[in-house]
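I have placed the structure first, in the form of C-alpha cells, so that the comments after it can refer back to it.
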Amino acid sequence: MWNKDSLKDLVQKKFSDYQFILVSNREPYMHIYRGGEVEVIMPASGMAIALDSLMQTTGGTWVAAGSGEADQEAVVGQDTIMVPPHNPKYKLRRLWLTREEENGYYYGFSNEALWPLCHVCYARPLFSPAHWEVYRQVNRKFADAILSEVRDRRTIVFIQDYHFALLPQMLKEADPRLIVCQFWHIPWPSFEVFRICPWGTEILEGLLGNDLLGFHLQYHCNNFFDTVERILEARVDYEKYAIFRQGKETRVRPFPISIDFERFENFAAAEDTQAQIAQLRHRFNLSGLKVGLGVDRLDYTKGIPERLEAVNIFFQKYPQYQGHFTFIQLGPVSRLNIPQYKQLNALVDSLEVEINSRYAYGRWKPVIVVKAHLSQEEIVPYYCLADVMVVSSLHDGMNLVAKEYVASRVNGDGALLLSPFTGAARELSWAYSINPFNPEEIADNLYKALEDSPEEKAVRMASMRHWVREHNIFFWAARILGDLITGVGQE
Ligand code: F6P
C-alpha cells in the first residue's frame with residue numbers, strides 16, 4: 001500500500017536529480033486578515049488539500065496565483081514563502097494577477113467558457129475573444145515564472161487543471177528539456193460538445209505540449225483521443241495510449257485522484273472530535289436526530305438545488321421523519337462575479353427558507369445552510385456527525401468530498417448517496433446510487449439509507465473504506481511518477 005514513506009522512497013531513488021515544480025491556479029495556503037491579524041487558511045478545494053499532502057512528502061516548489069488579501073504581506077524574496085507555515089516542507093511561489101487578468105483568465109475564460117463546456121450540465125459557455133486573449137497572456141505569465149524557477153536544473157513541471165491549457169506548449173517551446181505533465185481535474189467532453197469552442201485547435205495544441213496528460217477516467221481519455229483525431233492532424237496510438245504529432249509524443253492516461261486517507265482518519269479519531277460533534281449537536285438542536293449532509297462549494301455543477309428539492313420531497317413522502325431528521329448543507333460561496341453563481345446563491349437561500357417555512361416547528365429545522373468557509377479540521381466533525389452524506393453532482397470529474405466522508409467514518413457506519421455522474425462513482429460502487437436529475441430518487445434513497453440495517457450499511461462502508469485507504473493520494477502520485485519514469489528513461 002502506498003503511503004508517505006514509500007512515495008518519498010520512490011522520489012529519492014528515481015528522481016533525486018530532478019526538482020519538482022507544481023503549478024495550479026489555486027494556492028494551498030492563503031493569508032487573510034481576521035480581527036486585524038494575519039491568519040493562514042487552506043482554500044475550499046479538495047484538490048489543493050490533496051496535493052498539499054503530496055508536496056509535503058516530495059518537497060519542491062508550488063507556483064500559484066496569490067489570492068488572499070494578506071498574501072503580499074507574507075512573502076519574502078522572490079514572492080515566496082515556505083509552507084506549511086508551522087512546519088515548512090516546500091516553497092510556495094505566488095504570482096500576482098491584476099483585476100483585469102483575474103476577470104479575463106479566471107472568471108472569464110476558465111470559468112465562463114471551459115468550466116461549463118467541460119461539465120456539460122446545461123449552462124451555456126461564454127466565449128469572449130477578450131477573455132481568451134487574457135487567458136493566453138496569463139498562461140504566458142505563469143510560463144515565465146516557472147522558467148525563472150528552473151535555473152538549468154533538471155525539472156519536472158506538474159501542471160494542474162483547465163486554467164493552463166496553453167502552458168505545456170509554451171514551456172516545451174522555451175525549454176524542450178523540461179518534463180511536462182498535466183492533470184485535468186474536470187471532465188473532458190465529447191467531440192460534439194468540444195467542437196463549439198472557437199479556440200479548440202489552440203487548446204489541443206497547447207495540451208499536446210505535455211509529455212504526459214492525465215484525466216480521472218478512461219472515458220475522458222477516450223473523449224480526448226476522439227477530439228484530437230477529429231480536429232488536428234495527429235496520430236492516436238490506441239495500443240500505447242499516446243498521441244503523436246510533429247515528432248512529439250504525449251501519453252494520455254487515466255489516474256483517478258484521491259485523498260490522504262490517514263489525514264482524515266486522524267482528524268476523525270482526534271481526542272477533541274467527539275466534543276466538537278457534541279457542540280454541533282447542541283448548536284443546531286440536533287439532539288436525538290438523524291442528520292444528512294452535503295459539502296460543496298456553491299457551484300451549479302454540484303446539484304445543490306436538486307438535493308434540497310429532494311429533501312422537500314423526502315419530508316412530504318415520509319412525514320414520520322419530520323422533527324427527526326435535519327439536512328445540513330455546508331456551502332462556501334464561490335466565483336460570485338459570475339451571474340450563474342450569484343443566481344445559485346440566491347436560489348439556495350430561497351429553498352432553505354421555503355422548506356423551513358413549510359415544515360419547521362419549535363426548535364427543529366429541516367434544513368440548515370452554512371456558508372462560512374471551514375477548514376478541513378472543522379469539516380471532519382460534520383462528516384462524523386452525518387448518518388447520510390449526499391453527493392448529487394450533475395457532473396463532476398471526481399468529487400473528493402465523497403472520499404473524505406468515507407475516510408472520516410472511522411467507526412465504519414454512515415451511508416453515502418452518490419451521483420453516477422461523478423468520477424468517484426466508478427470506484428465507490430458500494431454507495432447508494434442517485435440520479436440528481438430525479439429528486440424523487442434521491443428522496444427514496446435517503447429514506448432507504450436511513451432505514452437499512454446497520455449491518456447492510458457497515459458492509460458497504462467497509463468496502464469503500466478499504467478501497468479509498470488503498471487508492472489514496474500517494475498511490476495516485478506513484479502511478480503518475482511511474483509513468484513519468486518511462487518518459488525519463490527515454491530522454
Ligand atoms: O476540481 C476542479 C477545481 O477547479 C479545482 O482545480 C479547484 O481547486 C476547485 O475546482 C475549486 O475551484 P476554484 O479554485 O475556482 O475555487
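The values are calculated or read from the model by the stated rules, or taken from the named source; none is laboratory data. Everything numeric here is computed off the predicted structure, so don't read it as measured data. Reconstructed Cβ throughout: ideal geometry from the backbone, glycine too, with neighbour counts over all protein chains shown. When the accessible area is computed, the model is the full protein with side chains, heavy atoms only, and any ligands, DNA or RNA have been set aside. Shrake-Rupley method; radii C 1.70, N 1.55, O 1.52, S 1.80 Å.
Would you pick out the residues in the stretch 105-136 that are in a helix (DSSP H, G or I) and over 22 Å from the mean Cα position of the chain (by Cα)?
Listed by number, the residues that qualify are Pro129, Ala130, His131, Trp132, Glu133, Val134, Arg136.
From Asp9, Asp79, Asp5, grab the single residue that is open to solvent by 30 Å² or more (accessible area, probe 1.4 Å), more than 16 Å from the ligand (Cβ to nearest atom), in contact with a Phe, Trp or Tyr (Cβ under 8 Å, 6 or more places away or on another chain) and not aromatic (Phe, Trp, Tyr).
Of Asp9, Asp79, Asp5, the one residue that is open to solvent by 30 Å² or more (accessible area, probe 1.4 Å), more than 16 Å from the ligand (Cβ to nearest atom), in contact with a Phe, Trp or Tyr (Cβ under 8 Å, 6 or more places away or on another chain) and not aromatic (Phe, Trp, Tyr) is Asp79.
Quick one: in the stretch 152-165, of everything that is more than 11 Å from the ligand (Cβ to nearest atom) and open to solvent by 10 Å² or more (accessible area, probe 1.4 Å), which residue is nearest to Val63 (Cα to Cα)?
Step by step, filter the stretch 152-165, then rank; the result is Phe158.
Could you check the stretch 12-59 and list, in sequence order, the residues that are more than 15 Å from the ligand (Cβ to nearest atom), assigned to a loop (DSSP other than H, G, I, E, B) and open to solvent by 20 Å² or more (accessible area, probe 1.4 Å)?
If the condition is that a residue be more than 15 Å from the ligand (Cβ to nearest atom), assigned to a loop (DSSP other than H, G, I, E, B) and open to solvent by 20 Å² or more (accessible area, probe 1.4 Å), then Ser16, Asp17, Tyr18, Gly35, Gly36 are the ones that fit.
When residues of the stretch 120-151 are filtered for being farther than 26 Å from Trp62 by Cβ and either outside the structural domain of Val193 (by TED's automatic domain parsing) or aliphatic (A, V, I, L, M) (or both), how many remain?
4
Could you say which residue among Glu404, Glu451, Glu440 is surrounded by fewer than 18 Cβ atoms within 10 Å (Cβ to Cβ), in contact with a helix residue (DSSP H, G or I) (Cβ under 6 Å, 6 or more places away or on another chain) and not assigned by TED's automatic domain parsing to the domain that holds Pro187?
Answer to the check: Glu440.
Test Gly77 against the criterion of being outside the structural domain of Leu374 (by TED's automatic domain parsing), within 26 Å of Leu171 (Cα to Cα) and at pLDDT 95 or above, and give yes or no.
Considered against the rule, which asks whether it is outside the structural domain of Leu374 (by TED's automatic domain parsing), within 26 Å of Leu171 (Cα to Cα) and at pLDDT 95 or above, Gly77 comes out as no.
Just to be sure before I move on: is Glu377 under 14 Å from Gly303 (Cα atoms) and surrounded by fewer than 19 Cβ atoms within 10 Å (Cβ to Cβ) in the structure I sent?
Judged against the criteria, Glu377 is not a match.
Residues that are assigned by TED's automatic domain parsing to the domain that holds Glu451 and within 28 Å of His471 (Cβ to Cβ): list the helices (runs of 4 or more DSSP H) wholly contained in the stretch 244-362 that include at least 2 such residues.
261-269, 273-283, 304-317
Being among the hydroxyl-bearing types (Ser, Thr, Tyr), assigned to a loop (DSSP other than H, G, I, E, B) and under 17 Å from Pro189 (Cβ atoms) is the filter here; which residues of the stretch 217-242 pass it?
Scanning the stretch 217-242 gives no hits.
In the stretch 442-481, what residues are in a helix (DSSP H, G or I) and free of Cβ contacts under 8 Å to residues at least 40 places away in the same chain?
Matches in the stretch 442-481: Asn445, Lys448, Glu451, Glu455, Glu456, Val459, Ser463, His466.
Output the residues belonging to the stretch 82-98 that are away from the ligand (no atom under 16 Å from the Cβ) and either within 14 Å of Val40 (Cβ to Cβ) or open to solvent by 30 Å² or more (accessible area, probe 1.4 Å) (or both).
Once the filter is applied, which keeps residues that are away from the ligand (no atom under 16 Å from the Cβ) and either within 14 Å of Val40 (Cβ to Cβ) or open to solvent by 30 Å² or more (accessible area, probe 1.4 Å) (or both), the stretch 82-98 yields Met82, Val83, Pro84, Pro85, His86, Asn87, Pro88, Lys89, Lys91, Trp96, Thr98.
Does Ile231 satisfy the criteria of being under 28 Å from the mean Cα position of the chain (by Cα) and modelled with pLDDT of 95 or more?
So Ile231 does not fit the description; no.
Here are Ala145, Ala130: which of them is small (Gly, Ala, Ser), in contact with a strand residue (DSSP E or B) (Cβ under 8 Å, 6 or more places away or on another chain) and more than 16 Å from the ligand (Cβ to nearest atom)?
Only one candidate passes the filter, namely Ala145.
Within 16 Å of the ligand (Cβ to nearest atom), of a type in the set (Gly, Ala, Ser) and open to solvent by less than 20 Å² (accessible area, probe 1.4 Å): is that true of Gly214 in this structure?
The answer is yes for Gly214.
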